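Input: a single structure, listed below in structure tokens.
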Amino acid sequence: MEKLVLHEDPISGNCYKIKLTAALLGLRMECRAYSVLHGETRTPQFLNFINPNGRIPVLQVGDRFLPESSAACFYLADGSRLIPDDRFDRADMLRWMFFEQYNHEPNVATLRFWLAFVGEDSLSELQKSLVPGKKIAGDAALKLMDDHLATRNWFVGESITLADIALYAYTHVAEEGGAFDLSFYPSISAWLARVAAEPGYVKM
Ligand SMILES: N[C@@H](CCC(=O)N[C@@H](CS)C(=O)NCC(=O)O)C(=O)O
């Protein structure tokens, strides 16, 4: 495999998904840190050479740049045990990764970032007005996950896949900032412990 460099911010769960995928697969990857809070992904240099979308994570493979956490995880895990062999299960794994990006991350991750890192007093009026709706939508996503996990150990199939990694990243830190209480979701809590017990697991 070509040299791998992760352009990241250590506070970001999107970046952690890629680091956890690499760790579970025993892949070596260099990390370069940028501060989202200080706007370091919005410099002309970053926009011109790393990601015109101004966001981390970006996985650099040799001299090519791959933004979007799900795409980067897929690149690393292609052909590995983290992607199911079965055609339906493979599509079902993508279903949960799309769910994570649409229903989970914009609510659970955004509220963590706003409340635990930006601070409630520093939010704009627009952001403050969005907090209650994001809390309702985030709890709906967590409830759906908890119901799914009530009868199974993993999101898809009989072992950990990228679906679990994608959803684990922001779920295990969902309580940071105080918007969510994981004690309401016992099946999620048991699943979090299963992920953390995987050989090669690394903390965020
Ligand atoms: N859909 C993208 C989301 C990336 C994203 O939102 N990155 C945030 C940090 S987690 C960021 O770079 N924010 C900085 C900014 O928007 O200026 C992914 O999954 O990688």
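The values are calculated or read from the model by the stated rules, or taken from the named source; none is laboratory data. These numbers were taken from a predicted model, which means no experiment stands behind them. Because the Cβ atoms are built from the backbone with ideal geometry, glycine has one as well, and the counts that use them run over all protein chains shown. Heavy atoms of the whole protein, side chains included, go into the accessibility calculation; ligands, DNA and RNA do not. Shrake-Rupley method; radii C 1.70, N 1.55, O 1.52, S 1.80 Å.
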The chain, relative contact order in percent, only Cα pairs under 8 angstrom and at least six apart counted
25 percent
Taking every eigenvalue of the Cα gyration tensor of segment 120-188, multiplying by 5 and rooting it, what semi-axes result, largest first, whole Å?
27, 12, 10
Phi angles of segment 84-101, converted by Karplus (6.51 cos²θ - 1.76 cosθ + 1.60, θ = phi - 60°) into ³J(HN,Hα) in whole Hz with x for Gly and Pro, give x, 6, 5, 4, 5, 4, 4, 5, 5, 4, 5, 3, 6, 5, 5, 4, 4, 6
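Over 19 Å, how big is the tail of the calculated P(r) for segment 74-166, in percent of all Cα pairs? Before the final figure, lay out each step's value.
Numbers: 2099 of 4278 pairs.
Result for the distance tail: 49 percent.
At a 1.4 Å probe radius, carbon and sulfur cover how many percent of the accessible area of the chain? It would help to have the intermediate numbers written out before the result.
Values: 5620 of 10230 Å².
That fraction is 55 percent.
Magnitude of the Cβ-charge dipole of the chain, K/R +1 and D/E -1, about the Cα centre, nearest 20 debye?
Working: 20 positive and 26 negative charges, 54 e Å.
Roughly 260 debye, rounded to the nearest 20.
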Search the structure for amide H atoms under 5 Å from the amide H of residue 58, placed 1.01 Å from N in the peptide plane, and list their residues when 5 or more places away or on another chain.
7
Give me the base-10 log of I(q)/I(0) for the chain at each q in 0.17, 0.18 Å⁻¹, Debye formula, one uniform scatterer per Cα, rounded to two decimals.
-1.22, -1.34
Of every Cα-Cα pair in segment 4-77, the percentage lying beyond 17 Å is 35 percent
Quick one: 3J(HN,Hα) in Hz for segment 187-204, Karplus 6.51/-1.76/1.60 with θ = phi - 60°, rounded, Gly and Pro as x.
6, 5, 4, 5, 5, 4, 5, 5, 4, 5, 8, 5, x, x, 3, 10, 6, 5
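I'd like to check one number: the per residue accessible area of segment 4-77, probe 1.4 Å, reported in Å² as a whole number.
46 Å²
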Express in Å², to the nearest 10, the accessible area of residue 147 obtained by rolling a 1.4 Å probe over the protein heavy atoms while all chains stay in place.
80 Å²
Solvent exposure of segment 87-196 as accessible area per residue, Å², 1.4 Å probe:
48 Å²
Using θ = phi - 60° and the Karplus form 6.51 cos²θ - 1.76 cosθ + 1.60, what ³J(HN,Hα) does each residue of segment 162-174 get, whole Hz, x for Gly and Pro?
4, 4, 5, 5, 4, 7, 5, 3, 8, 6, 6, 10, 4
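Can you give the % of DSSP beta bridges in the chain that are antiparallel, to the nearest 5? Before the final figure, lay out each step's value.
Working: 8 of 12 bridges.
Among the beta bridges of the chain, antiparallel pairing accounts for roughly 65 percent.
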Largest first, how would 8, 176, 158, 125 line up by accessible area (1.4 Å probe)?
158, 125, 176, 8
For segment 77-128, diffusion coefficient by Stokes-Einstein and Kirkwood Rh (Cα), 20 °C, 1.002 mPa s, µm²/s:
160 µm²/s
